[in-house]
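Worksheet for the structure shown next.
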């Protein structure tokens, strides 16, 4: 390449560069004027250019260039030790992958802001009050009980919301949204399908800045009872079910058998306001009257039913506090103007909460579980770092001569230091990339585990986005620094004289102090992980084998919602009888009954009991359920006294109830409960008569202690659950049940079919997730510890070959040598366990609230973890010890 | 980061010393070194210009375009205050080292 072209290329475009060119040109011409050989000068100038380029580009360019050089050099060095590179990259993959997986879950479920315009300016509006406001019959959404009678709830009545939204001036917009409802959607001739629907206010899409991709948002006037029902469908439903074409606009679909016209398609990725919950259809708040008729008849909105959540968007620059005060004040004014309230104490106080992430996706227990997993993967990554550090340290010993030679040839120590860091960086990059891939797969699997027993509409958005990429990148870099620092420092500190003397022994600090410490740290971290895994696993076992009070095997629930297909109360009874007959006729089915609340499904009703002659108080409460004839026989709940619910009890005005033993013992101690009466509201203490007492059973949570339960005679609600006792594995019944239900009336589909064990598993999904994932991580931790310990011992044995040879020549037996290695191993493990005890104690404290019938200082867990580590110490020592014992004294000495 | 190189160190010293007498361009500096050392020291352009740029970056010199005595535009270098101070220090160091070396050469 010609010199001038090189100059031009190097100096292209830059004003500074043309200056350099001119300067050099000047030099050339002056030189030529003196009669010097022009060509020779030019050739020399070729060098000038290159060096001038170096000088000119001081700083970033030069640094990058030499860094690239170092990276290439590092890659060449790494290629020489493929086994080591593989070990390092694999460890990093596991460490980074586990962290990426858990982080992407935490991010999707807890951290990520809503996919709407400027989520930071969103505020959730809730209210607090002393007890339930008197005019309220029902509150949907979240109701939290604070200290005393104080409650905090999320929803208000639809009319209240509309008035607030219209009259408020605090927010740019105040939007309303209900919790999702499950509805039957029929499009075209296909059989109806159950999808998730949310009722939203007319300004919902504009207010959130999430305008439909096709079609239009709702209009305020469309949120009125009695108008034609308009819906907006989600992008997902549009693609999956409605063909994904623009012809979807103005198409009519049927929701719960009510026609509705599609006005738009929500933007892709918009799931509603709660992460992990995908809404398929949005309808105006007022459409609820049409879609969810109570008892089959159309009626107006019920003002005592509070079900609309509110989210406001702050005006830019508006002060936070004023907004809260203003909206609360307006609410109070409204309540007073409506004449319902004058005493300020009786008017709920509105409060504003940050709305950046929407409504809480996880309950406290689930969120805790994720943070616990985050902690565990952090521990895992530290172990991986320690392992990799040791691998690289061992390798840097081999490279000591290389470092020394480079130093002797004039390399700067800083350059050597950087060289090593860059090599670590290359390794971290490889591990990070592989970890990202593993993390993605892991996240999907953990997510599946997390979603066990939940329907398709609940799923977290786990695509790899910049946030996850950034996290993984930062984590890998941090890890590279963590494990790259020690070897880099060592390389830069290499003692020239020592290293060149070809004696590698002194190089790593004769006693391998740092590596030993790191291995002990690994053992300590491993102990922590094991204790966590042990506690969570044992807690899960405790939960699984808890006595539920009925036979949970071969039991299933089939659910239908005839109301959604237009069945009135009068027609529902005969319909249910026919379905029940069809189900009972299925092969393998022994008994069928009905129940209002499926046992251990996570939900349930609870109320105060009003006994004659006793005060109406919170102290006497009971779980409530409604059951059909043969329910106790179907579940195999033993009858203790009296009789069970029979067909004659199943009338609307029936007053016969069955209670369980806890109820009988707590409220009628030392008395015969049969024939005693009580009520379930403050005005009536005589409504019910106890006709039977049955055994205790778990109602809605495996964690709850024995609790009183009242069983009323069954009367159908919106959703009817049939409970089915089978002789065969009940999962195989699903298809038969679906056909049996369809055979009675095809317009009423089976909404749900679940086995009792699946329901129980669903309530345990957080615990299963924790138990399973922590168990897997514990195992990986154990393997890492074994590799770390074994690797270091093997290395130590190799270094001490001479010494061992001498010992054997002087009469040491093979057993002595094995004991020596073993002692070494046990010493490191012992030190690690000692360091790990406080860590394990700390993590047990963190887990305390997640444990079921288990003390954090569970002796069995502690013992198991201890012995597992002991076994690892012995096993890891085995191969190096055998090798040491086989050392031939003569050849070992000859090597010296 | 400038490389700590003995030869370059003395080149910088010479450059600063020459520029102490007044601003000048690269060619003049190289000619001056060559001539006043009776052709013993010869500065390659390949060393000189990078050194000049390096010293400018380091704030020891200030550069600017002026007319040369030949009536052409040339890049002139001028010693900064920092450069003056550096020159004093380097000169002192150089004298001490050469005195020490000379002493050893005499006595050994």
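Relative to the longest principal Cα axis of chain A, at what angle does helix A:513-544 sit, 0 to 90 degrees, rounded to 10?
10
Convex hull volume of the Cα atoms in region A:119-354, per residue, in Å³?
For region A:119-354, the hull spanned by Cα atoms encloses 130 Å³ per residue.
What number do you get for region A:815-896 when its Cα radius of gyration is normalised by 2.2 N^0.38 Å, N = residues?
Normalised Cα radius of gyration, region A:815-896: 1.61.
Cα centroid distance between region A:820-873 and region B:20-40, in Å?
76
Relative to the compact globular guide of 2.2 N^0.38 Å, what is the alpha carbon radius of gyration of region A:510-596, as a ratio?
2.33
What share of all Cα pairs of region A:192-281, in percent, falls into each consecutive 10 Å distance bin?
17, 55, 28, 0
Arrange the peptides A:813-824, A:279-290 so that the one whose residues have, on average, the most other Cβ atoms within 10 Å appears first.
A:279-290, A:813-824
Among B:23-31, A:162-170, how do they line up from the highest to the lowest mean number of other beta-carbon atoms within 10 Å?
Top to bottom by mean Cβ count within 10 Å: B:23-31, A:162-170.
Using a simple spin-label model with points 7 Å from Cα along the Cα→Cβ vector, what separation in nm is obtained for residue A:73 and residue A:605?
7.9
Return the average number of partner chain Cβ atoms within 10 angstrom of each residue Cβ along peptide A:680-692.
Whole-number average of other-chain Cβ neighbours for A:680-692 is 0.
Binning at 5 angstrom from zero up to the longest distance, how are the C-alpha pair distances of region A:130-189 distributed in percent?
4, 13, 18, 18, 16, 14, 8, 5, 2, 1, 1
Would you mind checking region A:463-484 for residues with the amide N under 14 Å from a putative spin-label position 7 Å along Cα→C-beta of residue A:239?
A:463-464
Once you compute Rg and the Kirkwood Rh from C-alpha atoms, what is the Rg to Rh ratio for region A:555-765?
Expressed as Rg/Rh, it is 0.98.
Compute the Rg/Rh shape ratio of chain A: radius of gyration over Kirkwood radius, all on alpha-carbon atoms.
Over the Cα atoms of chain A, Rg/Rh equals 1.09.
Which value in deg cm²/dmol, rounded to the nearest 500, describes the helix-derived mean residue ellipticity at 222 nm for chain B, given -39,500 (n - 2.57) per DSSP H run of n ≥ 4 and division by the residue count?
-20500 deg cm²/dmol
For residue A:111 and residue A:412 in one chain, what is 0.36 nm times their gap in residues minus the Cα-Cα distance, to one decimal in nm?
Extending this stretch completely gives an extra 103.9 nm.
For residue A:320 and residue A:834, calculate 0.36 nm times their separation in residues minus their Cα-Cα distance, and state this gained length in nm to one decimal.
Contour length minus Cα-Cα distance gives 180.0 nm.
With the cut-off at 14 Å, report for region A:610-653 the share of all Cα pairs above it, as a whole percent.
Summing the P(r) of region A:610-653 above 14 Å gives 65 percent of all pairs.
Let me check I have the definition right: for region A:367-484, take the eigenvalues of the Cα gyration tensor, multiply each by 5, take square roots. What are those semi-axes in whole Å, largest first?
Taking √(5λ) for each Cα gyration eigenvalue gives 40, 14, 10 Å.
So what are the radius of gyration and Dmax for the Cα set of region A:184-245, in Å?
12.8, 35
Can you compute the modelled spin-label distance between residue A:190 and residue A:150, with each label point 7 Å from Cα toward Cβ, in nm?
5.0
Quick one: angle between helix A:158-167 and the longest Cα principal axis of chain A, in degrees between 0 and 90, rounded to 10, please.
The helix A:158-167 is inclined about 60 degrees to chain A.
Per 10 Å bin, what is the whole-percent P(r) computed from every C-alpha pair distance within region A:777-844?
17, 40, 25, 13, 4, 0
Grab the alpha carbons of region B:7-107, take their convex hull, and tell me the volume per residue in Å³.
Cα convex hull per residue, to the nearest whole number: 104 Å³.
Angle check, please: helix B:45-57 long axis (alpha carbons) against the longest principal axis of chain B (alpha carbons), in degrees 0 to 90, nearest 10.
Helix B:45-57 sits at roughly 80 degrees to that axis.
Compute the FRET efficiency between residue A:467 and residue B:105 as 1/(1 + (r/R0)^6), taking r as their Cβ-Cβ distance and R0 = 60 Å, and round to the nearest 0.05.
That pair, residue A:467 with residue B:105, gives E of 0.30.
Alpha carbon centre of region A:73-110 versus region B:55-103: separation in Å?
52
Going by average Cβ density within 10 Å per residue, which order do the peptides A:113-124, A:64-75, A:97-108 take, highest to lowest?
A:97-108, A:113-124, A:64-75
From the P(r) of region A:715-865, could you give the percentage of C-alpha pairs in the tail past 19 Å?
73
Stokes-Einstein at 25 °C, 0.890 mPa s, Kirkwood radius from Cα pairs: D for region A:750-800 in µm² s⁻¹?
Diffusion coefficient, whole number: 171 µm²/s.
Eigenvalues of the Cα gyration tensor times 5, then square-rooted: what semi-axes does that give for region A:704-773, in whole angstrom, largest first?
Output for region A:704-773: semi-axes of 27, 20, 12 Å.
Calculate how many DSSP beta bridges within the protein assembly as shown are antiparallel, expressed in % of all such bridges and rounded to the nearest 5.
Percent antiparallel among DSSP bridges in the protein assembly as shown is about 80.
What span do the alpha-carbon atoms of region A:662-795 cover on each of the three principal axes, reported in whole Å from largest to smallest?
Extents along the principal axes, in whole Å: 83, 50, 30.
Bear in mind these aren't lab numbers, they're just calculated from the coordinates by the rules spelled out. Keep in mind that what you see is a predicted model, and the values were worked out from it rather than measured. Backbone-built Cβ (ideal geometry, glycine too); neighbour counts: all protein chains shown.
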